[in-house]
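The values are calculated or read from the model by the stated rules, or taken from the named source; none is laboratory data. Everything quoted here is computed from the prediction, not taken from an experiment. Positions of Cβ are backbone-derived with ideal geometry, glycine not excepted, and every protein chain shown enters the neighbour counts.
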Amino acid sequence: MGITVVDIAKKADVSVATVSRVLNDQQKVGAERKQRVLAVMEELNFQPNRWARGMRKGSAGEKTGQIAMLMVNRPDTDLHQAYAMQNMHGAQQEIAEAGRNFLFCIWHESDGDTIPDILLNGEIDGLLVKGQSATETGKKWLSRYPRVRINPSDPSKVDCDCVMVDYERGSRDCVAYLAARGHRRIAFVDLQAFDSKLLGYRKEVKELGLDADEGLIQVRDFPVPLKSNSDLDWAIENLWSLPKPPTAILSHDYLCSAIYKSLANRGLKVPDNVSVVGYDNVLDCCRTLDPPLTSVDMGAFDIGKAAAKQLFERIGDPQGRSRKLYIQGRLVERDSVRDLSAKETT
């Protein structure tokens, strides 16, 4: 790896931000410090990226043709999840079709205050951001670039464009699908309280006049990433302690394997005794379960493509009003749901 701005900063005994200001020829750097930085650059034969001087915020600098996806303060396990990979694949395809280069970077602020070179060197036209910065310094560096957030946890607090899963709509679609097949007692099981999912569940249950029994909602907050989802006996125990157990369960694909197992331990079979519907259509989960799991595909690939398209628009109009775009999912039917409607009409 060549000489970086971090190396320059250490040798010149200045901050990385100061080196960046010198690269961008900003007036905020004192003459003495500027000369010290320039001297170190010459000593180390540092060759700044040819785009760097045009990338300060508000500049109409020459475009680099490069777009970066930046994972900020996200667990490393995200890289092994199908959903995150599909996000990346969708974005990469859209960027390639536009004739631009795709870059990827992981940034853990807990590793120190080091700002990624991808931000410092001005080698990109814009950012696709998964996660969020927890420091004012990090937020300022991100704000220098046109950017689009992907699936922010709280869209109401986002000050830039964002593209998101419409979890509320997806949850409502699942409940409606089950209700159309004669299910009136539908349970909601999760290991993290995603407000939009639960809100969609509650709204559709109320709108369709289904059983709004709070005992049907089984949620426990666990650390993310989950260290284990193998034990959901507590949820099934609670549900089958109700006077009237559910006829269907809505949960996440990654949890449905444990749900199947817990149901089997009670002598219950999917879908003969209880139907199960999942979220996200994670194929290695859905197809390997017996029976294969019906799940709502939340459009991870489409979200990546849409985020890249939105970023291109933002690059072309940096001062335009930010947008929040929701991507709707689609239900993929397999064999985990029993139709009770025919039984009820006989």
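If you take the residues of segment 67-92 that are of a type in the set (A, V, I, L, M, F, W, C) and assigned to a helix (DSSP H, G or I), which of them is nearest to Asp253 (Cα to Cα)? Let's see the steps before the verdict.
Within segment 67-92, the subset of a type in the set (A, V, I, L, M, F, W, C) is 67-72, 79, 82, 84-85, 88, 91.
Checking which are assigned to a helix (DSSP H, G or I) leaves us with 79, 82, 84-85, 88, 91.
Values: Leu79: 17, Ala82: 11, Ala84: 15, Met85: 16, Met88: 20, Ala91: 23 Å.
Only one residue fits best here, namely Ala82.
Give all pairs with beta carbons closer than 8 Å in which a residue from segment 30-47 that is more than 15 Å from Val16 (Cα to Cα) meets a residue that is in a helix (DSSP H, G or I) and of a type in the set (D, E, K, R); count only pairs at least 6 apart in sequence or on separate chains.
Glu43/Lys11; Leu44/Asp7; Leu44/Lys11
Please go through segment 301-333 and pick out each residue that is over 11 Å from Asp161 (Cβ atoms), crowded, with 21+ Cβ neighbours inside 10 Å and assigned by TED's automatic domain parsing to the domain that holds Gln86.
Ile303, Gly304, Lys305, Ala308
Keeping to segment 1-16, report how many residues are modelled with pLDDT under 85 and either surrounded by fewer than 18 Cβ atoms within 10 Å (Cβ to Cβ) or farther than 24 Å from Ile124 by Cβ (or both).
Residues meeting the conditions: 7.
With Ile106, Ile95 as the choices, which residue is touching a residue at least 12 places away in the same chain (Cβ under 8 Å) and either among the polar types (S, T, N, Q) or not in a strand (DSSP E or B) (or both)?
On the way: Ile106 fails: either among the polar types (S, T, N, Q) or not in a strand (DSSP E or B) (or both).
The match here is Ile95.
If Glu123 satisfies every condition in (1) within 16 Å of Leu79 (Cβ to Cβ); (2) charged (D, E, K, R); (3) assigned to a loop (DSSP other than H, G, I, E, B) but one, which is the exception?
With (1) within 16 Å of Leu79 (Cβ to Cβ); (2) charged (D, E, K, R); (3) assigned to a loop (DSSP other than H, G, I, E, B) applied to Glu123, the lone miss is (1).
Yes/no matrix, rows are residues, columns are (1) assigned to a helix (DSSP H, G or I); (2) over 17 Å from Ala212 (Cα atoms):
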{"site": "Glu237", "(1), (2)": "yes, yes"}
{"site": "Ser241", "(1), (2)": "no, no"}
{"site": "Pro245", "(1), (2)": "no, no"}
{"site": "Tyr254", "(1), (2)": "yes, yes"}
{"site": "Ile259", "(1), (2)": "yes, yes"}
{"site": "Ser262", "(1), (2)": "yes, yes"}
{"site": "Gly267", "(1), (2)": "no, yes"}
{"site": "Asn273", "(1), (2)": "no, yes"}
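Please determine whether any residue of segment 58-66 is part of a strand (DSSP E or B) and either modelled with pLDDT of 85 or more or touching a Pro at 6+ places or on another chain (Cβ under 8 Å) (or both).
Pass one, segment 58-66, residues part of a strand (DSSP E or B): 66.
So of that shortlist, the ones also either modelled with pLDDT of 85 or more or touching a Pro at 6+ places or on another chain (Cβ under 8 Å) (or both) come out as 66.
Yes, segment 58-66 contains at least one residue that is part of a strand (DSSP E or B) and either modelled with pLDDT of 85 or more or touching a Pro at 6+ places or on another chain (Cβ under 8 Å) (or both).
Write out, first by first residue and then by second, each pair whose Cβ atoms fall under 9 Å of each other, whose residues are 6+ apart or on separate chains, and whose first residue, in segment 217-246, is aromatic (Phe, Trp, Tyr) while the second is outside any strand (DSSP E or B) and at pLDDT below 90.
What qualifies is Phe222/Leu191; Phe222/Gln192; Phe222/Ser228; Phe222/Asn229; Trp234/Arg220.
Please go through (1) crowded, with 21+ Cβ neighbours inside 10 Å; (2) at pLDDT 95 or above for Asp272 and return the number of the only condition it doesn't satisfy.
(1)
Among the residues in segment 278-292, are any part of a strand (DSSP E or B), touching a Leu at 6+ places or on another chain (Cβ under 8 Å), in contact (Cβ under 8 Å) with a residue 24 or more places away in the chain and farther than 30 Å from Val163 by Cβ?
Checked segment 278-292: no residue is part of a strand (DSSP E or B), touching a Leu at 6+ places or on another chain (Cβ under 8 Å), in contact (Cβ under 8 Å) with a residue 24 or more places away in the chain and farther than 30 Å from Val163 by Cβ.
May I ask you to verify whether Ala187 is under 23 Å from Trp234 (Cα atoms) and touching a helix residue (DSSP H, G or I) at 6+ places or on another chain (Cβ under 7 Å)? If you could, list the steps in order and put the result at the bottom.
Numbers: under 23 Å from Trp234 (Cα atoms): yes; touching a helix residue (DSSP H, G or I) at 6+ places or on another chain (Cβ under 7 Å): yes.
Considered against the rule, which asks whether it is under 23 Å from Trp234 (Cα atoms) and touching a helix residue (DSSP H, G or I) at 6+ places or on another chain (Cβ under 7 Å), Ala187 comes out as yes.
Scan segment 313-323 and tell me whether some residue there is outside any helix (DSSP H, G or I), in contact (Cβ under 8 Å) with a residue 60 or more places away in the chain and under 20 Å from Lys197 (Cβ atoms). Walk me through how you get there before you give the answer.
Of the residues in segment 313-323, the ones outside any helix (DSSP H, G or I) are 317-323.
Right, trim to in contact (Cβ under 8 Å) with a residue 60 or more places away in the chain and you get 318, 322-323.
Keeping just the survivors that are under 20 Å from Lys197 (Cβ atoms) gives none.
No, because not a single residue in segment 313-323 is outside any helix (DSSP H, G or I), in contact (Cβ under 8 Å) with a residue 60 or more places away in the chain and under 20 Å from Lys197 (Cβ atoms).
Of all residues in segment 324-344, count the ones that are hydroxyl-bearing (Ser, Thr, Tyr) and either part of a loop (DSSP other than H, G, I, E, B) or touching a Gly at 6+ places or on another chain (Cβ under 8 Å) (or both). Explain how you work it out, then say what you get.
Here is the first cut: in segment 324-344, the residues hydroxyl-bearing (Ser, Thr, Tyr) are 326, 336, 341.
The next check asks that each one be either part of a loop (DSSP other than H, G, I, E, B) or touching a Gly at 6+ places or on another chain (Cβ under 8 Å) (or both); those that pass are 336, 341.
The qualifying residues number 2.
Take the residues of segment 152-181 that are of a type in the set (Gly, Ala, Ser) and surrounded by fewer than 18 Cβ atoms within 10 Å (Cβ to Cβ): which is farthest from Lys130 (Cα to Cα)? Full working, then the answer.
Within segment 152-181, the first condition is being of a type in the set (Gly, Ala, Ser), and the residues that meet it are 153, 156, 170-171, 176, 179-180.
Subset that is surrounded by fewer than 18 Cβ atoms within 10 Å (Cβ to Cβ): 153, 156, 176, 180.
Working: Ser153: 10, Ser156: 16, Ala176: 31, Ala180: 36 Å.
Ranking the qualifying residues of segment 152-181, first place goes to Ala180.
Checking the conditions here, which among Ala31, Ala52, Ala98 is among the small types (Gly, Ala, Ser), in contact with a helix residue (DSSP H, G or I) (Cβ under 8 Å, 6 or more places away or on another chain) and modelled with pLDDT of 75 or more?
Ala98
Confirm whether Val296 is in a strand (DSSP E or B) and either hydrophobic (A, V, I, L, M, F, W, C) or surrounded by fewer than 18 Cβ atoms within 10 Å (Cβ to Cβ) (or both).
yes
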